[in-house]
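J.: Shown below is the structure under consideration.
The values are calculated or read from the model by the stated rules, or taken from the named source; none is laboratory data. Treat the numbers as computed from the prediction; the structure is a model and nothing was measured. Here Cβ is always computed from backbone atoms with ideal geometry, including for glycine, and neighbour counts include all displayed protein chains. Surface accessibility is based on the protein's heavy atoms, side chains included, excluding ligands, DNA and RNA. Shrake-Rupley method; radii C 1.70, N 1.55, O 1.52, S 1.80 Å.
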Amino acid sequence: MYRYDEFDTQFVRERVSQFRGQVERRLTGALNEDEFRPLRLMNGLYLQLHAYMLRVAIPYGTLSAHQMRQLGAIADKYDRGYGHFTTRQNIQFNWPKLKDVPDILDDLADVEMHAIQTSGNCIRNVTADPYAGVAADEIADPRPTGELLRQWSSNHPEFSFLPRKFKIALTGARADRAVIKFHDIGLRLVEGEGGQLGYEVWAGGGLGRTPMIGIKVRDFVPTADLLRYVEAIMRVYNAEGRRDNKYKARIKILIHEKGGEDFRAEVEQEFARIAHDPAAPVEKELARIQAFFAPPAYEALPAESEALAKAKLANPNFARWVRVNTRAHKAPGYTIAVISLKPKGGVPGDATGDEMRVMADAADAYSMSELRVSAEQNIVLPNVKASDLFALWQMLDRAGLASSNAELISDVVSCPGMDYCALATARSIPIAQEITERFAEPVLQEQIGPIRIKISGCINACGHHHVGDIGILGLEKTGAEAYQITLGGDPTESAAIGERSGPGFPAEGVVDAIERLIHFYLGRREDGETFKQTYHRLGHSVMKDALYASH
Amino acid sequence: MPLIKDGHFVADDWSRPVEGEPAVAGAKLILAFARLEAEASDLIEAGHAVGVEITNDTDPAALEPWFDRLALIVVPFPRAADGRGFSIATRLRRLGYRGELRASGHLIADQYTLARSCGFDTVEISDAQAARQPEPHWLEAEHAMSLAYQRGYGPLRNILGARWAAQ
């Protein structure tokens with residue numbers, strides 16, 4: 001893992017004290033609310049429905065056990081004993097007091113964390129594949145580039161007052177678990193000619209009220225040129241992105257209105273201008289960062305663990321958890337374990353201070369003290385010996401953290417919705433809870449197979465509903481909540497935007513409709529088909545009719 | 001309108017001449033970009049220092065032929081949240097403009113270091129804003145951050161350079 005040096009530490013400390021001064025000047029009126037808003041947003045502080053919300057960055061989704069423990073302590077000390085992990089590898093605290101926020105930021109700085117640029121019209125927390133560095137299908141670890149981008153984008157003099165927010169995601173694997181095609185910039189590590197590493201660059205993807213799949217800007221940018229290339233994209237966007245209408249201000253609209261070809265040409269022109277800029281080379285810095293992400297010393301282990309096989313035979317619940325919640329690791333005898341934050345009836349992504357401490361202890365005991373946060377709002381233990389899985393599972397199970405549902409139907413992604421958010425038009429959490437209860441039966445869940453249900457409580461789409469196999473969008477229609485369903489969305493390399501199904505459902509009817517659709521799918525699926533495959537084989541209109549079958 | 005230089009409020013010796021009125025002898029004059037072509041050469045010949053005020057959708061490259069003759073370029077900030085001017089300044093500096101660069105309009109003290117880093121020398125704000133954000137705020141803002149990660153921008157100590165020096 002990356003560790004701060006004296007300069008990183010000083011930078012974050014100065015930023016905290018700068019923010020402390022900004023809060024004071026807001027309170028004296030030296031800063032008016034319009035002036036203060038972007039400053040507090042750039043430090044992760046939102047004004048929500050009932051209170052302030054502080055969003056803390058977990059850069060490229062990686063955190064240490066020590067950091068997780070501190071998040072738990074902050075939840076207990078300054079909040080109501082819990083925090084909410086988001087789809088963009090942040091954690092949100094929902095009840096901090098404004099006066100406490102600088103102190104919270106200091107506590108975060110104590111463990112090399114911050115809330116810098118987790119909101120506002122600037123370059124946001126850089127996200128990455130939650131299995132980065134350990135996935136069996138990985139070409140190279142994208143996190144050194146993530147750290148380089150984190151540093152480069154921090155308090156950037158030129159790109160801190162952009163037309164709108166700007167999100168960058170990275171992956172180094174063949175499968176896209178970082179949703180790169182729906183980011184302002186998506187980067188995929190690829191091997192160029194002669195095995196040289198570089199990035200395939202995507203731009204202009206996004207969800208929100210105008211969902212768009214990004215365009216490929218370039219097939220290959222050598223790693224050494226990446227910052228310059230990103231800088232060129234940012235400069236074109238900062239100069240030309242629309243500022244007359246906040247709903248048309250994202251880079252996706254600029255690319256859409258300009259046309260991909262013109263946009264590409266302009267980026268290339270700017271890139272050519274700065275290509276030989278002596279100020280830019282960063283290879284040396286990248287090499288320094290890379291050393292922090294060198295693979296740990298894995299033990300030479302047999303690919304199959306006998307102890308694991310025995311424990312699975314003896315305990316079917318454990319066997320199910322292993323089947324559902326573990327993923328292929330690049331090192332023999334090791335595995336990636338997903339801790340689901342979607343217990344039956346729970347709030348997706350929420351964890352209490354106690355749960356955070358258990359997860360930290362689990363990481364210390366069984367995962368080389370490291371954890372990850374996923375876009376599915378779950379926690380990942382990246383380095384678990386297969387032979388330790390049973391002990392890990394027992395520890396998690398005792399804490400109620402062993403739900404066997406990773407990527408199954410009850411692994412619902414949901415934004416906070418109207419229970420917290422000032423923008424929401426409907427509640428999302430109760431719908432998510434109802435789904436986890438309705439489909440709680442583990443055998444049924446495994447039978448249904450992998451499926452993504454994603455819920456947003458307004459058209460801003462924080463719950464990523466556009467990319468759910470089943471997407472649910474909560475709206476307000478003549479004073480009542482109405483839930484519109486989209487089908488066929490896909491956040492991965494085979495990216496697709498879900499198609500709308502038809503009239504919305506009332507809160508009390510939406511889960512019934514989903515149940516009808518699931519039963520229809522189970523009845524019509526062919527051998528081994530996933531929901532997605534059945535959807536594509538039967539087509540949208542057949543599947544959508546199943547939602548309304550009883551109407 | 002107050003002008004800020006090196007964290008201090010200073011007198012502004014530039015003026016914006018009204019079109020059609022004769023300029024006071026020796027005055028330093030800021031012209032709108034549209035007037036540059038027609039008026040600048042004569043004014044420079046008559047001994048005036050000439051600056052230009054652009055809009056924030058002007059392509060900085062359009063000013064390149066004028067760089068040697070311009071003593072000042074003024075870049076507007078219609079709202080503090082509109083950061084186009086930061087890219088314009090960066091481009092002007094990278095194109096080789098060495099004269100004074102001024103940010104004018106709504107820029108708050110908290111953006112002062114960013115503006116300096118992008119190449120601005122001076123900031124011009126409204127009287128109302130100066131009343132809320134007096135000189136000490138700007139002096140303080142200058143020292144709020146002492147380090148920056150980005151290379152190719154000034155004047156803060158560069159972290160990458162410092163690291164390499166320490167190695």
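J.: Could you let me know the centre-to-centre spacing of the range A:3-26 and the range A:379-395, using Cα atoms, in angstrom?
T.: Distance between centres, Cα-based: 37 Å.
J.: On a full-extension model of 0.36 nm per residue, what is the gain between residue A:443 and residue A:33, subtracting their alpha-carbon distance, rounded to one decimal in nm?
T.: Working: separation 410, 0.36 × 410 = 147.60 nm, distance 5.33 nm.
That works out to 142.3 nm of additional length.
J.: Next question, about the same structure. In whole Hz, what ³J(HN,Hα) sequence does the range A:71-77 give by Karplus (6.51, -1.76, 1.60; θ = phi - 60°), x for Gly and Pro?
T.: 4, x, 5, 5, 4, 6, 7
J.: Any chance you could check the range B:151-167 for residues losing 50 Å² or more of accessible area when the partner protein chains are in, compared with the chain on its own (1.4 Å probe)?
T.: At a threshold of 50 Å² (probe 1.4 Å), the residues of the range B:151-167 that become less exposed are B:151, B:153, B:163, B:164.
J.: Moving on. Between residue A:309 and residue A:515, take the C-beta separation as r, use R0 = 45 Å, and let me know the FRET efficiency to the nearest 0.05.
T.: Details: r = 36 Å, r/R0 = 0.80.
Computed FRET efficiency for residue A:309 and residue A:515 comes out at 0.80.
J.: On a full-extension model of 0.36 nm per residue, what is the gain between residue A:493 and residue A:476, subtracting their alpha-carbon distance, rounded to one decimal in nm? Write down the numbers at each step before the final one.
T.: Details: separation 17, 0.36 × 17 = 6.12 nm, distance 3.27 nm.
Between residue A:493 and residue A:476, full extension yields an extra 2.8 nm.
J.: Ok, one more. Mind giving me the FRET efficiency for residue B:27 and residue B:95? R0 is 25 Å, r the Cβ-Cβ distance, nearest 0.05 is fine.
T.: Calculated transfer efficiency: 0.35.
J.: Hey, can you list the residues from the range A:196-240 whose accessible area shrinks by 30 Å² or more with all protein chains present, relative to the chain by itself (probe 1.4 Å, no ligands or nucleic acids)?
T.: Listed by number, the residues meeting the 30 Å² cut-off are A:235, A:238, A:239.
J.: Now for a different question. State, in square angstrom and to the nearest 100, the accessible area buried between chains A and B, both chains counted, probe radius 1.4 Å.
T.: On the way: alone 21460 and 9210 Å², together 26870 Å².
Buried area between the two chains comes out at roughly 3800 Å².
J.: For the range A:177-229 and the range A:135-157, what is the separation of their Cα centres, given in Å?
T.: 12 Å
J.: A further question follows. Give me a comma-separated list of calculated 3J(HN,Hα) values for the range A:202-209, in order, Karplus coefficients 6.51, -1.76, 1.60 applied at θ = phi - 60°, integers in Hz, x for any Gly or Pro.
T.: 10, 8, x, x, x, 9, x, 6
J.: At a threshold of 8 angstrom on Cα-Cα distance, excluding pairs fewer than six apart, so keeping six or more, what relative contact order does the range A:127-290 reach in percent?
T.: Relative contact order here is 19 percent.
J.: Additional query: Would you mind checking which residues have amide H under 5 Å from residue A:380's amide H? H placed 1.01 Å from N; only 5 or more apart, or other chain.
T.: It is A:339, A:372, A:373, A:374, by chain and number.
J.: I would also like to ask the following. Using a 1.4 Å probe on the protein chains only, how many percent of the accessible area of the range A:306-398 belongs to carbon and sulfur? Don't skip to the answer; put the middle values down first.
T.: Numbers: 1730 of 3360 Å².
Carbon with sulfur: 51 percent of the solvent-accessible area.
J.: Between residue A:422 and residue A:244, what is the label-point separation in nm under the 7 Å Cα-to-beta-carbon projection?
T.: Going from the residue A:244 label point to the residue A:422 one covers 2.7 nm.
J.: Right, another one. Report which residues of the range A:153-195 become buried by 10 Å² or more of accessible surface when going from the isolated chain to the complete set of protein chains (1.4 Å probe; DNA, RNA and ligands ignored).
T.: Residues meeting the cut-off: A:154, A:155, A:156, A:157, A:158, A:161.
J.: Moving to a separate point now. Compute the length gained on full extension between residue A:196 and residue A:294: take 0.36 nm times their separation in residues and subtract their Cα-Cα distance, giving the result in nm to one decimal.
T.: Working: separation 98, 0.36 × 98 = 35.28 nm, distance 1.82 nm.
Extra length available between residue A:196 and residue A:294 comes to 33.5 nm.
J.: Rounded to the nearest 500 deg cm²/dmol, what is the calculated helix-only ellipticity per residue at 222 nm for chain B, with -39500 (n - 2.57) per DSSP H run of length n ≥ 4? Walk me through the numbers on the way to the answer.
T.: Details: 6 runs with 56 residues, N = 167.
After summing the helix terms and dividing by residue count, I get -9500 deg cm²/dmol.
J.: Sticking with this one: Suppose R0 equals 56 Å; then what is the FRET efficiency for residue A:210 and residue B:46 from their Cβ-Cβ distance, rounded to the nearest 0.05? Please report the intermediate quantities before stating the final value.
T.: Values: r = 54 Å, r/R0 = 0.96.
After rounding, the FRET efficiency stands at 0.55.
J.: Pairing the Cα long axis of helix B:84-95 with the longest principal axis of chain B, what angle in degrees results, from 0 to 90 and rounded to the nearest 10?
T.: 80 degrees
J.: Quick check: Cα centre of the range A:30-107 to Cα centre of the range B:89-145, how many Å?
T.: The range A:30-107 and the range B:89-145 have Cα centres separated by 29 Å.
J.: Sticking with this one: Could you sort out which of A:312/A:544; A:246/B:28; A:167/A:330; A:167/A:258; A:248/A:342; A:246/A:284 sit more than 31 Å apart by Cα distance in this structure? Please list the in-between numbers first.
T.: Values: A:312/A:544 39 Å; A:246/B:28 39 Å; A:167/A:330 28 Å; A:167/A:258 20 Å; A:248/A:342 34 Å; A:246/A:284 39 Å.
Among A:312/A:544; A:246/B:28; A:167/A:330; A:167/A:258; A:248/A:342; A:246/A:284, the Cα-Cα distance tops 31 Å for A:312/A:544; A:246/B:28; A:248/A:342; A:246/A:284.
J.: Mind running the shape call on chain A? Use the C-alpha gyration tensor, a ≥ b ≥ c as the square roots of the eigenvalues: rounded below 1.5 for a/c, prolate if a/b tops b/c, oblate otherwise. Present the calculation step by step, with values, prior to reporting the outcome.
T.: Details: a/c = 1.29, a/b = 1.17, b/c = 1.10.
In terms of gyration-tensor shape, rounded.
J.: Now a separate question. Taking only protein heavy atoms and a 1.4 Å probe, what accessible area per residue, in Å², does chain A have with all protein chains in place?
T.: Numbers: 19640 Å² over 551 residues.
With all protein chains present, chain A gives 36 Å² per residue.
J.: Please give every one of the aspartates and glutamates within straight-line cross-link reach of residue A:97, meaning a C-alpha to C-alpha distance under 12 Å, and leave out same-chain neighbours fewer than 8 residues apart.
T.: Counting by Cα, and skipping residues close in sequence, residue A:97 has these aspartates and glutamates nearby: A:79.
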